[in-house]
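K.L.:
Got a structure for you, questions after.
The values are calculated or read from the model by the stated rules, or taken from the named source; none is laboratory data. Quick caveat: nothing in here was measured; it's all calculated off a predicted structure. Ideal geometry is used to build each Cβ from the backbone, glycine not excepted, and the neighbour counts take in all protein chains shown.
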Amino acid sequence: MVLDVDNVDLVMGKVMEEGPVLAVSFQSQQIMCLRNKKGEVVEGDPSKVLRVQYVWVLCRDQTELDSRAAWRILDLSAQSTEQLV
């Protein structure tokens, strides 16, 4: 569950053979918790808030005519730390 998104920054923009490429960084506060059909926690901790630093590299799909669906993730990285409240 994503609680907050902050510090969104356009790191890089470049036109390449594939088309326009953007690198975007941002931070999120989120809870990582996976439950089974019975609602039991099988992975993660529902009471632990994590701060995650993301970098997404996006490319514009030149064959997609719908501009809302045309950006594809080429690569992403994520680094998380426990948020102490």
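K.L.:
Scan the range 14-55 residue by residue and report those that are farther than 21 Å from Thr81 by Cα and either loosely packed, with under 11 Cβ neighbours inside 10 Å or of a type in the set (A, V, I, L, M) (or both).
P.N.:
Here is the first cut: in the range 14-55, the ones farther than 21 Å from Thr81 by Cα are 14-23, 35-40.
Across the range 14-55, the qualifying residues are Lys14, Val15, Met16, Glu17, Val21, Leu22, Ala23, Asn36, Lys37, Lys38, Gly39, Glu40.
K.L.:
Return yes when Val8 is aliphatic (A, V, I, L, M), under 18 Å from the mean Cα position of the chain (by Cα), exposed (fewer than 13 other Cβ atoms within 10 Å of the Cβ) and at pLDDT 95 or above and no when it is not.
P.N.:
Details: aliphatic (A, V, I, L, M): yes; under 18 Å from the mean Cα position of the chain (by Cα): yes; exposed (fewer than 13 other Cβ atoms within 10 Å of the Cβ): yes; at pLDDT 95 or above: yes.
When the stated conditions are applied, Val8 passes them.
K.L.:
Let me ask you something else. Just to check your reading of the model, which residue among Ser80, Ser67 is at pLDDT below 95, assigned to a strand (DSSP E or B) and small (Gly, Ala, Ser)?
P.N.:
Criteria check complete, one pass: Ser80.
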